[in-house]
Amino acid sequence: MNHRNGFNPLSRTTAHRRAMSRNMVTSLFRFERITTTKSKALEVRKAAEKLITRSKVDSVHNRREVAKFIADEKILNKLFTEIGPRMKDRNGGYTRVLKIGFRQGDAADMVILELVDYKLDSEAKEEKPAAKAKKAPKAAAETKADEEKKPAAKKTTAKKSTAKKAAAPKAEAADKE
């Protein structure tokens with residue numbers, strides 16, 4: 001039975017466990033998504049949720065309390081300026097644990113620990129082509145202007161490349177015979 005066990009020591013000394021927890025929480029806030037083992041994720045989640053709750057109210061006291069746990073000032077600032085305000089409406093449950101299978105070497109349960117409002121990079125990539133489409137008419141106008149300035153140079157290169165393409169199938173046909 002698991003009665004009165006407040007945390008999982010993860011088979012580490014106190015100093016090692018504390019350092020690992022701080023590093024993993026900092027990485028979680030930096031990248032908003034980390035891959036780790038299930039037992040580590042469940043321990044890191046406890047610390048991360050408490051820090052996010054503190055970051056919802058940006059005060060000197062809360063910043064100092066969180067700074068005891070997070071040494072990186074950029075991440076501390078990100079926590080209070082970006083992550084905390086995003087979680088303002090939530091009363092808890094700021095992180096999610098997604099199972100991804102077993103690690104090859106020792107068959108440990110691997111999970112993804114991420115913030116609930118994490119957006120995948122693929123969604124950001126979908127937005128970028130729309131931005132490129134807006135820039136494309138400008139680029140097309142610039143290339144048309146360049147073509148008007150140097151029409152002979154473009155046409156000769158096009159003729160050479162088509163001549164090479166036409167010659168290649170003839171050479172292959174001759175080789176087959």
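Annotations
- Residue exposure proxy: VAL25, VAL116, ordered by other Cβ atoms within 10 angstrom of their Cβ from fewest to most, comes out as VAL116, VAL25.
- Positive minus negative residues near ASN5 (Lys, Arg vs Asp, Glu; Cβ under 15 Å): +2
- Entry for region 14-118 at q = 0.12, 0.13 Å⁻¹: log10 I(q)/I(0) = -0.39, -0.45, Debye formula applied to identical alpha-carbon scatterers, no solvent contribution.
- Amide proton proximity set for ALA108, modelled H, under 5 Å, gap of 5+: ARG103
- Sparsely packed trypsin sites (Lys or Arg not before Pro) within region 8-83, loop by DSSP, other Cβ within 10 Å at most 16: ARG12, LYS68
- Share of Cα-Cα pairs in region 25-75 lying beyond 12 Å, as whole percent: 65
- For region 2-49, the set of chymotrypsin sites (Phe, Trp or Tyr not before Pro) satisfying both a DSSP loop assignment and a count of at most 11 other C-beta atoms within 10 Å is given as PHE7.
- Relative contact order %, region 14-118, counting alpha carbon pairs below 8 Å whose residues are six or more apart: 36
Throughout, read-outs are computed from the coordinates displayed, never taken from laboratory work. Note that the structure is a prediction, hence the values are computed from the model and not measured. All Cβ positions, glycine included, derive from the backbone under ideal geometry; neighbour counts span all protein chains shown.
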